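Novice: Please find one structure pasted underneath; my questions will follow.
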Amino acid sequence: MSEAELHVLRARLLGGIRNKAARGELHRGLPVGLVRGDADGEVLLHPDESVQAAIHAVFDRFAEFGSARRVWLWFRSQGLRFPLHSNSLVDLRWVVPTYTKIHQVLTNPFYAGVYVYGRTQQTCYLDAGGRIRKRIRQRDREQWPVFIRDHHAGYIDWNTFEANQKRLAQNIRPRPHHSGGCRERRRSTPARPRRMRTLRSAPGRTL
């Protein structure tokens, strides 16, 4: 196959991917707490109530604390575990939550019922040695190619998501050598962690 034919084939494949994304039907990987439905592009809340309770707890505690770090410390002080899944895992696992995971939940628009595609952009460049390198950068929200509100049921609404992003932006960014979490204006000392446990919602109780 010639280079020209390969170029045409790649363009067609890319066009098909973009068209599917524009319909909100392209799902390369959903965040924990959301699962695919039977219909094309259908996204549902995870059927496990324990998983739902863990995600709700992140947003509820952030509404109370206004700090991703304090939410993370709260999970640790309460001895709570957090659900984890990936494309390489068949079953869901419960692990000790990291600050990064808590922050990812708070900044992922899928949890607000929004379908997005193209939040990042990959570019190639030549380094000082003449080698081709790839760079991935975050696009501004106005530059996202696909943005579909009310695409599926979420854990919060879009207005709450936007308010959360503004509150997060007011936090001090973590320094590179602080791997345990970010330093924010409001500091708190975590209580001694108790034995880790899975978060489960009691009947009639809102976490």
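Computed from the coordinates by the stated procedures, all read-outs in this text should not be read as laboratory data. The model shown is predicted, which means the values in this text are computed figures rather than measured ones. Don't worry about glycine lacking a Cβ; one is built from the backbone with ideal geometry, like all the others, and counts go over all protein chains shown.
Novice: Taking 0.36 nm per residue of separation and subtracting the Cα-Cα distance, what length does fully extending Lys166 through Asp40 add?
Specialist: Values: separation 126, 0.36 × 126 = 45.36 nm, distance 3.32 nm.
Result for the pair: 42.0 nm of gain on full extension.
Novice: I need the calculated FRET efficiency for the pair Glu142 and Thr107, taking r as the beta carbon distance and R₀ as 25 Å, to the nearest 0.05.
Specialist: Efficiency for this residue pair is about 0.90.
Novice: With +1 assigned to the C-beta of every Lys and Arg and -1 to the C-beta of every Asp and Glu, and no other charges, what is the dipole magnitude of the range 50-112 about the Cα centre in debye, to the nearest 20?
Specialist: Working: 7 positive and 3 negative charges, 43 e Å.
The dipole magnitude comes to about 200 debye.
Novice: Something else now. When a/c reaches 1.5 or more, the comparison of a/b and b/c decides; with that in mind, is the range 64-115 rounded, prolate or oblate per its Cα gyration tensor? Mind dumping the intermediate values first?
Specialist: Values: a/c = 2.60, a/b = 1.14, b/c = 2.28.
Taking the square roots of the gyration eigenvalues as a ≥ b ≥ c, the range 64-115 is oblate.
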